[in-house]
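Below you'll find the structure, written out as structure tokens, and then a few comments.
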Amino acid sequence: METSIQSLSSKVHDILQEAEKAIHASQSLDALDRERVHWLGRKGVLTEFLKGLGKLPPDQKPQVGKIVHTAKEKVETWLEACKLRLESEKRKIQLQQEKLDITLPGKSRKYGHLHPLTRVASEIVNVFVQMGFSVEEGPEIETDYYNFEALNIPKDHPARDMQDTLYLSKDLLLRTHTSPIQIHVMKERKPPLRVIAPGRVYRADDVDVSHSPMFHQVEGFYVDRDVSFAHLKYTLVHFAKRIFGEKTRLRFRPSFFPFTEPSAEVDIACSVCEGSGCRLCSGRGWLEILGAGMIHPNVFEAVGYDPSAFTGFAFGMGVERIAMLKYGIHDIRLFFENDMRFLEQF
Ligand code: DAH
């Protein structure tokens with residue numbers, strides 16, 4: 001009897017040695033699973049052993065059962081240890097394969113920015129806002145009255161010609177300038193007024209380097225008691241220095257507009273030749289930047305202001321022209337073609 005237990009014990013010992021070797025040699029979780037089935041499965045080597053127990057005399061059963069049971073536990077421990085090892089190796093490999101190179105440059109996203117005209121227009125407006133002007137807008141479709149009549153532009157004025165103005169009907173037109181905003185605001189409000197008014201304007205012009213049927217203007221006006229030409233001059237000198245630089249010199253040339261008296265055209269000294277004459281200023285030394293003047297008494301009459309009580313100045317400028325002078329752009333069409341190579345420079 002002793003010998004049979006001893007031989008069984010050594011048999012189990014041999015099996016365990018073999019099982020330990022095989023389990024530890026497993027290179028994958030699948031292979032390990034096959035080992036589990038081979039040793040502990042329903043028809044596994046150790047399970048077959050247990051089946052044999054039934055044939056043993058009852059007094060030997062507990063001893064043999066213990067031997068086999070201990071053996072099963074050992075195999076299970078090895079399987080578990082090996083499983084942990086293989087899983088951690090697998091995870092390590094996975095992590096290595098999924099490794100992100102955080103030193104790679106990111107995909108840069110293109111940010112948009114303001115169109116140069118929008119930027120220049122708001123720069124202009126801001127200079128006046130900082131002087132206490134309020135921002136107003138008006139309709140792009142106007143009546144003959146607001147665009148011409150109330151601004152003292154006579155019936156036979158060339159601007160009223162179909163060739164210069166885009167008419168929608170006999171009385172409706174696309175505003176040719178931002179000056180009608182003066183009329184809207186003055187009719188609605190009472191002095192003192194300090195207003196800056198940007199907007200689109202339209203003219204029946206063919207497109208070329210300096211013409212576009214749609215362009216932008218900024219209108220400004222100041223109405224109060226005792227407003228003088230000196231106020232106008234001070235305001236515009238300050239404006240020009242803010243937009244074109246501290247050293248900018250200004251020239252006021254007598255001119256004519258129906259809605260101002262006296263009227264002036266304002267030039268800045270050419271930024272390239274500083275006044276001596278060059279190609280940019282066509283040898284003149286000066287570049288026109290805007291029209292201005294003291295608001296005509298007839299305009300005050302039209303909006304119901306007493307011209308003997310109030311005075312005011314007004315001015316109007318083209319945004320494209322200011323932008324072209326500021327950035328040295330020679331073709332107005334660049335603003336409207338949306339060529340990224342042009343726009344990205346701003
Ligand atoms: N409205 C004029 C134009 O389109 C510009 C202008 C000139 C506006 C003199 C004014 C001004 O307010 O006083 O050419």
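The values are calculated or read from the model by the stated rules, or taken from the named source; none is laboratory data. A quick note: this is a predicted structure, and the numbers were derived from the prediction, not measured. Heads up, the Cβs are rebuilt from the backbone with ideal geometry, glycines too, and the neighbour counts pull from every protein chain shown. Quick note on the areas: whole protein, heavy atoms, side chains included, nothing else; ligands and nucleic acids left out. Shrake-Rupley method; radii C 1.70, N 1.55, O 1.52, S 1.80 Å.
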Find how many whole Å separate the alpha carbon centroid of the stretch 167-236 from the alpha carbon centroid of the stretch 86-126. 45 Å
Who wins for biggest fluctuation among R34, R251, R200 in a Gaussian network model of the chain, springs between alpha carbons below 10 Å? R34
The chain, Gaussian network, Cα under 10 Å: of K233, K51, K187, the residue fluctuating most is K51
W78 - accessible surface, heavy atoms, 1.4 Å probe, Å² rounded to 10: 40 Å²
Charge dipole magnitude, Cβ of K and R +1, D and E -1 - the stretch 2-97, Cα centre, debye nearest 20: 220 debye
Of G132, A121, F215, which is farthest towards the positive pole of the stretch 116-343's charge dipole, taken about the Cα centre with +1 and -1 on the beta-carbons of Lys, Arg and Asp, Glu respectively? G132
For the cross-link pairs K107/K241; K187/K233; K155/K241; K43/K92; K170/K326, which exceed 32 Å when the distance is taken from alpha carbon to alpha carbon? K107/K241; K155/K241; K43/K92; K170/K326
So, R0 is 25 Å and r is the distance between the beta-carbons of C278 and F346; what FRET efficiency does that work out to, to 0.05? 0.55
Largest to smallest accessible area among L280, L40 [probe 1.4 Å]: L280, L40
CD proxy at 222 nm, helix term only [per DSSP H run n ≥ 4: -39500 (n - 2.57); per residue of the chain; nearest 500]: -13500 deg cm²/dmol
Roll a 1.4 Å probe over the protein chains and send me the accessible area per residue for the chain in Å². 59 Å²
GNM top mover of S276, S108, S26 - the chain, alpha-carbon springs below 10 Å: S26
Dipole magnitude (debye, nearest 20) for the chain, charges at Cβ of Lys, Arg, Asp, Glu: 1840 debye
Given the options I67, Q96, F49, identify the residue whose Cα lies farthest towards the positive end of the charge dipole of the stretch 2-97 (+1 on Cβ of Lys, Arg; -1 on Cβ of Asp, Glu). Q96
In nm, spacing of pseudo-spin labels at S10 and L84 (7 Å Cα→C-beta vector): 3.5 nm
If you check each cysteine of the chain for another cysteine whose beta-carbon is under 4.7 Å away, which ones come up empty? C82
Kindly state, as a whole number, the per residue volume in cubic angstrom of the convex hull around the alpha carbon atoms of the stretch 116-343. 127 Å³
Once both labels are modelled 7 Å past Cα along the beta-carbon direction, what's the D339-S134 spacing in nm? 4.3 nm
How large a share of the accessible area of the chain, in percent, is made up of carbon and sulfur atoms when the probe is 1.4 Å and the other protein chains stay in place? 53 percent
Taking the simple approach of a point 7 Å from Cα along Cα-to-Cβ for both R119 and S210, what is their distance in nm? 2.5 nm
Sort out for me the Cα centre separation of the stretch 240-273 from the stretch 303-343, rounded to whole Å. 13 Å
Phi-derived 3J(HN,Hα) across the stretch 273-278 with the Karplus relation (6.51, -1.76, 1.60, θ = phi - 60°), rounded Hz, x for Gly and Pro, is 9, 6, x, 7, x, 7
Rolling a 1.4 angstrom probe over the protein chains, ignoring ligands and nucleic acids, what is the accessible area of R203 in square angstrom, nearest 10? 80 Å²
